[in-house]
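Beneath this line is the structure, given in structure tokens, with notes to follow.
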Amino acid sequence: MARRKRTAAEIAGARESQAIAATLGRDARSTRQQRRLTQAELGRRVGLSQSEICHLEAGHGQGTSIATWIAIGIALNRPLAIGFSRDIADPRPRDAGHLAAQEFVLRLAETNGWTGRFELPTRPANPSLSVDVCLEDRRHRLLILIEIWNRLDDVGAAARTMARKIAEATDLAASHEPLDRVAACWLLVDTAANRELVRKYPAVIRALFDGSSQAWVRALTTGAVPPDRPGVAWIDLRQGRLSELRLPSHVTRGGDPGGHR
């Protein structure tokens, strides 16, 4: 009977399993030595002989059961982590939702004739500290900082971070002549969770963002000059639009009703 020809997946699988077994063997050996264990001692912990441990450490463990490798990891206090990689047939990155919002804002900037910067570091020496999107309105000498929130879990921390970024961006702008103005706006992704947060804490949102939400939406969508004060608005990626964030009416100190616009 003719021998069945192996499929491409089987060939690749055999090659990959050999590489993984070699890596596991090297890691097991180096960790065992760090733990000052002999091969025999490790073998006793997992129910294998000294020669079997030697075989695995030499990189020949591709046929060994997952259960055995897990037991070795536990015995060495280095639990084995196994899982499929990200779906390579799906080109969407892990931060696809956030990226889509950044893409939307950058396209608005192009329409307005502004220069858009993606993940602009506010501390050049530390690129991990960056603004989601920085927009440059050169006509009005403005730097506009946009922070996008898929979900707000810690409003206080987010506010402190934004204040730091505004201060750092202001320092950057100070090197320009004449001085650039820095403006800032949060865009909250329009979700039930974010709407509930806004409903529960309107006074906090109002205190943080005393710039007109309506004016900010107009600025970002038409290129108008944004307010001097920080603002907040909704971003709805399903409908591809920004919208004003309205807060419940409140009574001002003078007794006149007012609203967040």
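Consider Ala193 carefully, then state whether it is surrounded by fewer than 14 Cβ atoms within 10 Å (Cβ to Cβ) and either modelled with pLDDT of 85 or more or in contact with an Asp or Glu (Cβ under 8 Å, 6 or more places away or on another chain) (or both). Walk me through it before giving the result.
Working: surrounded by fewer than 14 Cβ atoms within 10 Å (Cβ to Cβ): yes; either modelled with pLDDT of 85 or more or in contact with an Asp or Glu (Cβ under 8 Å, 6 or more places away or on another chain) (or both): yes.
Criteria met by Ala193.
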Residue in the range 241-261 that is modelled with the highest pLDDT, counting only those that are open to solvent by 50 Å² or more (accessible area, probe 1.4 Å) and of a type in the set (Ser, Thr, Tyr): Ser249
Output for the range 3-19, where each listed residue is of a type outside the set (Ser, Thr, Tyr) and either on the phi > 0 side of the Ramachandran plot or assigned to a helix (DSSP H, G or I) (or both): Ala8, Ala9, Glu10, Ile11, Ala12, Gly13, Ala14, Arg15, Glu16, Gln18, Ala19
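Scan the range 20-67 for residues that are among the aliphatic types (A, V, I, L, M) and either touching a Cys at 6+ places or on another chain (Cβ under 6 Å) or open to solvent by 90 Å² or more (accessible area, probe 1.4 Å) (or both) and jot them down.
Let us first name the residues in the range 20-67 that are among the aliphatic types (A, V, I, L, M), namely 20-22, 24, 28, 37, 40, 42, 46, 48, 53, 56, 58, 66-67.
Answer for the range 20-67, where residues must be among the aliphatic types (A, V, I, L, M) and either touching a Cys at 6+ places or on another chain (Cβ under 6 Å) or open to solvent by 90 Å² or more (accessible area, probe 1.4 Å) (or both): just Ile66.
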Given (1) touching a Pro at 6+ places or on another chain (Cβ under 6 Å); (2) at pLDDT below 90, number of the condition Pro202 does not satisfy: (2)
The range 219-240, residues that are part of a helix (DSSP H, G or I) and buried (at least 18 other Cβ atoms within 10 Å of the Cβ): Ala219, Leu220
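Residue-by-condition table, conditions (1) touching a strand residue (DSSP E or B) at 6+ places or on another chain (Cβ under 8 Å); (2) under 24 Å from Arg151 (Cβ atoms):
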site	(1), (2)
Thr191	no, yes
Asp228	yes, no
Gly231	yes, yes
Asp236	yes, yes
Pro248	no, yes
Residue list for the range 20-56, filter: over 14 Å from Asn77 (Cα atoms), β-branched (Val, Ile, Thr) and either modelled with pLDDT under 95 or part of a helix (DSSP H, G or I) (or both): Ile20, Thr23, Ile53
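Looking only at residues that are assigned to a loop (DSSP other than H, G, I, E, B) and open to solvent by less than 90 Å² (accessible area, probe 1.4 Å) in the range 68-81, which one is modelled with the highest pLDDT? Steps first, please.
Filtering the range 68-81 for residues assigned to a loop (DSSP other than H, G, I, E, B) gives 76-81.
Remaining after also requiring open to solvent by less than 90 Å² (accessible area, probe 1.4 Å): 76, 80.
Values: Leu76: 95, Leu80: 87.
In this case the residue turns out to be Leu76.
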Cβ-Cβ under 6 Å pairs, at least 6 apart or on other chains, the range 206-225 side of a type in the set (Lys, Arg), far side not in a helix (DSSP H, G or I): Arg206/Leu247; Arg206/His260; Arg218/Ala224
Selection count where residues are over 16 Å from Arg229 (Cβ atoms), surrounded by 16 or more Cβ atoms within 10 Å (Cβ to Cβ) and free of Cβ contacts under 8 Å to residues at least 60 places away in the same chain, scope the range 136-149: 2
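The values are calculated or read from the model by the stated rules, or taken from the named source; none is laboratory data. Quantities reported herein were computed from a predicted structural model and do not represent experimental measurements. Glycine also receives a Cβ, built like all others from the backbone with ideal geometry; neighbour counts cover every protein chain displayed. When the accessible area is computed, the model is the full protein with side chains, heavy atoms only, and any ligands, DNA or RNA have been set aside. Shrake-Rupley method; radii C 1.70, N 1.55, O 1.52, S 1.80 Å.
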